[in-house]
Structures are given as C-alpha cells and as structure tokens.
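Chemist: Here you go, one structure.
The values are calculated or read from the model by the stated rules, or taken from the named source; none is laboratory data. Every value quoted in this text rests on a predicted model; they were computed, and no experiment measured them. Note that each Cβ is placed from the backbone with ideal geometry, even for glycine, and that neighbours are counted across all protein chains shown.
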Amino acid sequence: MAISKKRATEIVEAFIAGYAKCNPEFQGTAVIGVRETAVGWLVARQSEEYKINPVVENAIIGCNPYLVDPEDGSIYEIPGEAIESEEWEGLYLEQIKGIPSPDPLANSVKEALGKEGKRTAIGLIRKSGNNFSLAEAISYVESVEGNGFPPAELAQRARSSKLRHPKIEKISGPIQLDAEPE
C-alpha cells in the first residue's frame, strides 16, 4: 500500500481536528484503532473517553469507521450497517471503484446443478425474488451449466435486486502524496 498505517492514522487525525473546529459535536473524537483490509486502512474512531476507558457509557453512538484509500489517501465513511453485515468491502469496490459485485445466484445455481439437477436450479432462480420468467431462468441455468457464467443482463438483474446498504460517502481527499512525513 502506498499509504502506511501511520500515515493513514495521521490523515484521519488531521481530518478529525479540522472538522471539529467547525463542528463542536465532533470535538473529543479520537482514533482508537487501525487495521489493514483488502481495500485500504479501516480506521475506528470513538470518544477520547472511550479510548482511555472502553466501556459503553463512554461510547459515541453512530460513530462509523473511516476507510483510508491506500493509493490516494481519500477518506470514506463506512456506514455501520455495512460493517455489521461484513459486505462493506464489496460495496466499496462497487460504489467507489466501479467493480461490480459478484452475481449472488451463480454459485447457488452451480451447487444445485451439481447436487440436485437442472430442475432444482431453475426453481432456485424462479424463487430468488428477481422476477425471472421461466424462459429467463432456463437461459440463466443453461448458461451457468455450459460456461459457468449466467448471461450478463441476467447477472446484472440478480446483483441489482440484492438488498443495498446506505451509500459509502467520500468525505475527504485525495491528499498530496509527494512524500510521507517522517
């Protein structure tokens, strides 16, 4: 990663300090942890009191973590619901980087084809809640059976019908990357 853990921490601390000047409710917020993920540095923040004494009484409710982009230092707020569902990395890649999430039905169809047959796989598609017609379900299953992938337009429908989490928002950046401070 181009941005180090130390630099990611400094970026978020600087953002918090600047934001707190204009937003008094943000004063007393501190970085309490940083961990590397596949998509960047996940930075947890909480009250300064919680950092010293981590009990629920000292916690700020709704204090969502930030993600620092490892390439340009941009900061993104990750919604709490996304973190709890463990789907936040896929949402980040899809919403921010433009990388589509995998089709949620393809693996289930492959498994059904292998264990229970074509008829069960077609039923799985029809019951998926994506309003596939019988002809579309057959096309989907036959394509997965033939080349391992569903037709692109049907895969897109399967992805877009999936329950979506709140939007991941860019809140700062990119930063100047001339050199990391010592």
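Chemist: Give the residues of region 108-122 that are over 28 Å from the mean Cα position of the chain (by Cα) and not hydrophobic (A, V, I, L, M, F, W, C), sorted by residue number.
Modeler: Correct list: Gly114, Lys115, Glu116, Gly117, Lys118, Arg119, Thr120.
Chemist: How many residues does region 35-54 contain that are assigned to a loop (DSSP other than H, G, I, E, B) and either surrounded by 15 or more Cβ atoms within 10 Å (Cβ to Cβ) or among the acidic types (Asp, Glu) (or both)? Steps first, answer last, please.
Modeler: At the first step, the residues of region 35-54 found to be assigned to a loop (DSSP other than H, G, I, E, B) are 38-39, 53-54.
Narrowing the set further to residues that are either surrounded by 15 or more Cβ atoms within 10 Å (Cβ to Cβ) or among the acidic types (Asp, Glu) (or both) leaves 39.
Summing the residues that are assigned to a loop (DSSP other than H, G, I, E, B) and either surrounded by 15 or more Cβ atoms within 10 Å (Cβ to Cβ) or among the acidic types (Asp, Glu) (or both) in region 35-54 gives 1.
Chemist: Look through Glu25, Glu36, Glu48, Glu10 and report the one residue that is in the same structural domain as Glu89 (by TED's automatic domain parsing), acidic (Asp, Glu) and touching a residue at least 40 places away in the same chain (Cβ under 8 Å). It would help to see each step written out before you state the result.
Modeler: Details: Glu25 fails: touching a residue at least 40 places away in the same chain (Cβ under 8 Å); Glu36 fails: touching a residue at least 40 places away in the same chain (Cβ under 8 Å); Glu48 fails: touching a residue at least 40 places away in the same chain (Cβ under 8 Å).
None of the others qualify; the one that does is Glu10.
Chemist: Among the numbered criteria (1) buried (at least 19 other Cβ atoms within 10 Å of the Cβ); (2) under 20 Å from the mean Cα position of the chain (by Cα), which one does Ile125 miss?
Modeler: (2)
Chemist: Quick check on my filter: what residues within region 91-105 are of a type outside the set (S, T, N, Q), surrounded by fewer than 18 Cβ atoms within 10 Å (Cβ to Cβ) and within 22 Å of Gly129 (Cβ to Cβ)?
Modeler: Listed by number, the residues that qualify are Glu94, Pro100, Pro102, Pro104.
Chemist: Hey, another quick one. Residues that are outside the structural domain of Val43 (by TED's automatic domain parsing) and farther than 25 Å from Glu13 by Cα: which helices (runs of 4 or more DSSP H) entirely in region 69-153 hold 2 or more of them?
Modeler: Values: elements: 80-85, 88-95, 106-115, 118-126, 134-147.
Here the list reads 106-115, 118-126, 134-147.
Chemist: Still on this model: Any chance you could count how many residues in region 1-60 are in contact with a Pro (Cβ under 9 Å, 6 or more places away or on another chain) and over 18 Å from Gly73 (Cα atoms)?
Modeler: Residues that pass the stated criteria total 2.
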